[in-house]
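Have a look at the structure below, then the notes.
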Amino acid sequence: MFYIDLFAALDRFHVQYLLIGGLAVTLHGVERATMDVDITVALTPTNLNALIATAKELKLSPVLPVPLNALKDIDQLKKWHQERHLEAFALRTADVAGVTLDVLLFPPIEFEGMAQRAVEFNVGGVPVRTAAINDLIALKKAVGRPVDLSDIEHLQRIKAL
């Protein structure tokens with residue numbers, strides 16, 4: 001299964017990542033359908049190289065017409081973020097139609113702080129590092145799409161329990 005293989009590879013390559021987005025909301029207890037996987041990562045050369053190694057093993061390729069190694073050029077990523085409003089570097093697999101791994105490059109919350117507050121779920125024997133509920137709420141407020149506003153309501157209910 002792609003999702004388990006992805007998280008196992010992220011763990012095996014020691015990628016510092018956090019699951020965010022719809023799958024993270026689901027792991028926290030909200031029934032939500034999504035096919036893509038949204039993560040954010042520590043933007044360090046070592047970590048980006050580990051992410052690229054993971055992508056190569058899983059045969060993931062960029063959705064943009066750029067080489068996979070563009071993912072390790074932090075200055076270029078910053079330039080694309082500022083000039084082209086690139087929020088996420090999307091990777092896809094040819095094996096599963098419609099599934100992308102979206103890597104949020106510059107989240108509105110500092111990665112290190114989110115990593116300290118992260119929750120780890122065990123999914124099929126694989127650890128999945130997931131953003132905490134408060135961080136998910138903050139990330140979703142920053143985006144503000146209707147689905148995000150709905151997720152916020154559900155996460156706030158879960159948080160209140």
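The values are calculated or read from the model by the stated rules, or taken from the named source; none is laboratory data. None of the values given here were measured: they were computed from a predicted structure. Here Cβ is always computed from backbone atoms with ideal geometry, including for glycine, and neighbour counts include all displayed protein chains.
Take the residues in the stretch 16-47 that are charged (D, E, K, R) and either buried (at least 17 other Cβ atoms within 10 Å of the Cβ) or over 13 Å from the mean Cα position of the chain (by Cα) (or both), then tell me which one is farthest from F89 (Cα to Cα). Only one residue tops the list, namely E31.
Count of the stretch 91-114 residues, restricted to those that are surrounded by fewer than 17 Cβ atoms within 10 Å (Cβ to Cβ), in contact (Cβ under 8 Å) with a residue 40 or more places away in the chain and more than 14 Å from Y17 (Cα to Cα), is 3.
Of the helices (runs of 4 or more DSSP H) that lie entirely inside the stretch 105-161, those containing 2 or more residues that are at pLDDT 95 or above span 111-117, 133-143.
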